[in-house]
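The values are calculated or read from the model by the stated rules, or taken from the named source; none is laboratory data. Note that the structure is a prediction, hence the values are computed from the model and not measured. Just so you know, the surface numbers come from the protein's heavy atoms only, side chains and all, with ligands and any DNA or RNA stripped out. Shrake-Rupley method; radii C 1.70, N 1.55, O 1.52, S 1.80 Å.
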Amino acid sequence: MAQPAYYGMVSSGSVGPDTALVQIWLNGLPKTKWPCIQALRVDGHFGSDTERAVKYFQIGVGLTADGKVGQRTWDALDEAYAAQHGEGEIYPGYIIKRGVSGATVRSIQQKLIRLGMGLAADGHFGSSTETAVKAFQRSRGLTADGKVGKATWAALAAL
């Protein structure tokens, strides 16, 4: 699976897998180059520590240090992380389920569409996405709970 394309602003108060992915990217930066960025708890909640780390990153790459992850910061974080760890989408460590929105959801939807599932890649995990995930899980012998956890993520990534 390719890294999820930017979906929308991730900033203070944001919650979900996109925020968790930003936290993983920040934690994966080399400390020799980014000594001011302290290790973050990857919990999918964009709080003051994540905002501060984003600002330090933005300063380091010459972006406006507003602490918000817009398109330019998203792309720069993805690029910096990939340069250190290689390309490819990583599991954000966050259960992706009905009600969640964002780039990670759209990426899952795009993968399911390529498998012939009839749904829109709109980035909103609604009933259609849940039904498609359950069908995929059943086809792979996974628990069909309609949630994308580590096992379902790995099965999608393996295709």
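Some points to look at:
- Percent carbon-and-sulfur accessible area, the range 67-136, ignoring ligands, DNA and RNA, probe 1.4 Å: 45
- For the range 13-159: Kirkwood Rh in Å [reciprocal of mean 1/r, alpha carbons]: 16.0
- Pairs beyond 18 Å (Cα-Cα), from LYS31/LYS68; LYS55/LYS150; LYS111/LYS150; LYS33/LYS68; LYS31/LYS150: LYS31/LYS68; LYS55/LYS150; LYS33/LYS68; LYS31/LYS150
- Heavy atoms of the protein chains alone define the surface here; on that basis the chain has 49 Å² accessible area per residue at 1.4 Å probe size.
- Relative contact order of the chain: 25 percent, from C-alpha pairs under 8 Å at least 6 residues apart in sequence.
- Cα centroid separation - the range 28-81 against the range 106-127, whole Å: 28
- Length available on full extension from ARG72 to THR131: 0.36 nm per residue minus the Cα-Cα distance, which gives 17.9 nm.
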